[in-house]
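Just below is one structure, and these are the notes that go with it.
We did not get these values from a lab; they are worked out from the coordinates using the rules stated. Just so it is clear, the model here is predicted, and its values are computed rather than measured. All Cβ positions, even for glycine, are placed from backbone atoms using ideal geometry, and neighbour counts span all protein chains on display.
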Amino acid sequence: MDKQCMWKLSTGRFVIKELYKLEQELEFEHAIHSFIIDIDDELISSHFNDTELDEIDCAAGPHVPDLPDQITEFLYEFVGKKIE
């Protein structure tokens, strides 16, 4: 992966590289295998320093586009209905 496309923290560490290092040490499945970063998780909070954790926490998430009106209207047809 090109370093220009990687998330670089102000400390100079690349998030993807750090997650890779962490996952190599694990003997069990963890959320970081799916690139899910929970700063309250003990594994994450012990690997990153406070500055990095704050930076990760304040980062904007991806933009999720609104559903088209046609799909929204279709989904509203199911409000209040029960599965029998």
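Listing for the model above:
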item	result
Calculated FRET value between LYS8 and VAL79, using beta carbons and R₀ = 41 Å, to 0.05	0.40
Sparsely packed chymotrypsin sites (Phe, Trp or Tyr not before Pro) within the range 35-83, loop by DSSP, other Cβ within 10 Å at most 16	PHE35, PHE78
Options CYS5, ILE56, SER46, ranked by Cα towards positive dipole end of the chain, top entry (Cβ charges)	CYS5
Separation between Cα centres of the range 58-84 and the range 16-37, rounded to whole Å	31 Å
Exposure rule at most 14 other beta-carbon atoms within 10 Å, DSSP loop trypsin sites (Lys or Arg not before Pro): the chain longest free segment	1-80
